[in-house]
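Note sheet for the following structure.
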Amino acid sequence: MGVDNPSLRDIAKLANVSVGTVSNVLNNPAKVSTDMRKRVQFAISQLGFLPESVKGNSNKSSKLIGLVLPLSGNPFYEEYAQGLEDAVSAAGYRVLIGYSREDESIELQIITSMAEADFRAVVVNPVGSKVNRFESFIDNDIRLAFVSQTHELKNQCTVSMDQVSGGYMGLEYLHSLGHKRILWLSGPAKHHQSNERYVGITSAATELGVELSVMTAPSLDFLAGEHMAPLILEAGPLPDAIFCGNDTTALGVMNYFYKQGIKIPDEVSFLGYDNVSYAESALIPLSTVSQTPFHLGYVMGGQLVEELTGGPGHLHQNVLIQPQIVERASTARRG
């Protein structure tokens, strides 16, 4: 549906809002309601809009790489950023980070600002699963690279973990320990990695005859885990095992259970996802599906340096890394 050189007026017409509202979404999204931002963002994606200030920029000599992450204070993203920085610093590049707060409008504003500032490339962990909204940037020769996208993209590099396989092997591992009733504590509906893991989890549960229940956490962090823990207890008899959407949430639930005198793994096993550095040093070391965030960042950084220095002959790579189970003290055989 894209049109040639769409204007703010074109976006406003499609979104059925004022031009001023479109301007605010682009420049100060906090002033606009969530519903309005979504309508404007959809129109921007449909029309392939790119701000005039970005068009035609020459950034060939820049040594700045932007990294746009959904959340701050998240150990997975912190370790990912460290891996990326280590990989690109040897080639003289520096990484500056912006946080989208899981809002597509803020995400667009950050990428636009980085493009206006002549960043050489921007690495994005997209808020949603659809990345076609970035095509106008790519077409304008602004290098983008994507994290955690599990489908191949022709015009840019990606590095991702096979989330479906990770979900499957996590459920299969818990079943191998004799766990018959398993709770999957998912991230919010918009967390597409959780949704992909759930595909593998349900497939394994069906094949293995596991009684699977599901609860959804409002976010994937320690406090969300502590918030969900009493709800898990209120739901009825404890499951044999709890498979959490990430390590941080798992540790939050485990912390609450520990304070309640629930013995882990004697009464319930816990399996996390990510393998962040402190999962091993927790009070009860956490078993996890490892996707080694530092390694993911380092691989992406190496790809990016090759692209930025390799010239027009560079072939974009879509690297899919297989996760693995790391077994620690939070899981035990049942019966």
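In the chain, helical runs assigned H by DSSP with n ≥ 4 each contribute -39500 (n - 2.57); averaged across all residues and rounded to the nearest 500, the mean residue ellipticity at 222 nm is -13000 deg cm²/dmol. For the peptides 318-328, 268-278, 183-193, residues were scored by their other Cβ atoms within 10 Å and the scores averaged per peptide; the highest-first order is 268-278, 183-193, 318-328.
Normalised per residue, the accessible area of the chain is 44 Å², obtained with a 1.4 Å probe and no contribution from ligands, DNA or RNA. Surface listing: T292, T34, T331 arranged by accessible area from highest to lowest gives T34, T292, T331, probe 1.4 Å. For the chain, the fraction of 1.4 Å probe accessible surface lying on carbon and sulfur atoms is 50 percent.
With a/c under 1.5 counting as rounded, go ahead and sort the stretch 182-301 into rounded, prolate or oblate using the C-alpha gyration tensor (a ≥ b ≥ c being the square roots of the eigenvalues; past the cut-off, prolate if a/b is larger than b/c, else oblate). Cα axes put the stretch 182-301 in the oblate bin. Residue order by solvent-accessible surface for R197, R101 is R101, R197, largest first, with ligands and nucleic acids left out and a 1.4 Å probe.
Neighbours of A15 by Cβ distance under 15 Å: Lys/Arg scored +1, Asp/Glu scored -1, total +3. Taking Lys and Arg as +1 and Asp and Glu as -1, the other residues whose beta-carbon sits under 12 Å from that of D266 total +1. The protection proxy used here, the mean number of other Cβ atoms lying within 10 Å of each residue, ranks peptides 61-74, 112-125 as follows, highest first: 112-125, 61-74. Relative to the longest principal axis of the Cα atoms of the chain, helix 34-47 runs at roughly 60 degrees. Within the chain, the ratio Rg/Rh, alpha carbon atoms throughout and Rh by Kirkwood, equals 1.02. Taking the C-alpha atoms only, the angle from helix 192-208 to the longest principal axis of the chain is near 40 degrees.
One compactness figure for the stretch 277-327 is 1.61, namely its Cα radius of gyration divided by 2.2 N^0.38 Å. Between helix 104-116 and the chain, what is the angle of the helix's C-alpha long axis to the longest principal axis, kept within 0 to 90° and rounded to the nearest 10? On a 0 to 90 degree scale, this one is about 50. Over all other residues within a Cβ to Cβ distance under 12 Å of G166, the charged ones net out to -3, with Lys and Arg as +1 and Asp and Glu as -1.
The values are calculated or read from the model by the stated rules, or taken from the named source; none is laboratory data. Everything numeric in this text was worked out from a predicted model, so none of it was measured. Neighbour counts run over all protein chains shown; Cβ positions are idealised from the backbone, glycine included. What goes into the accessible areas is simple: the full protein's heavy atoms, side chains included, and nothing from ligands, DNA or RNA. Shrake-Rupley method; radii C 1.70, N 1.55, O 1.52, S 1.80 Å.
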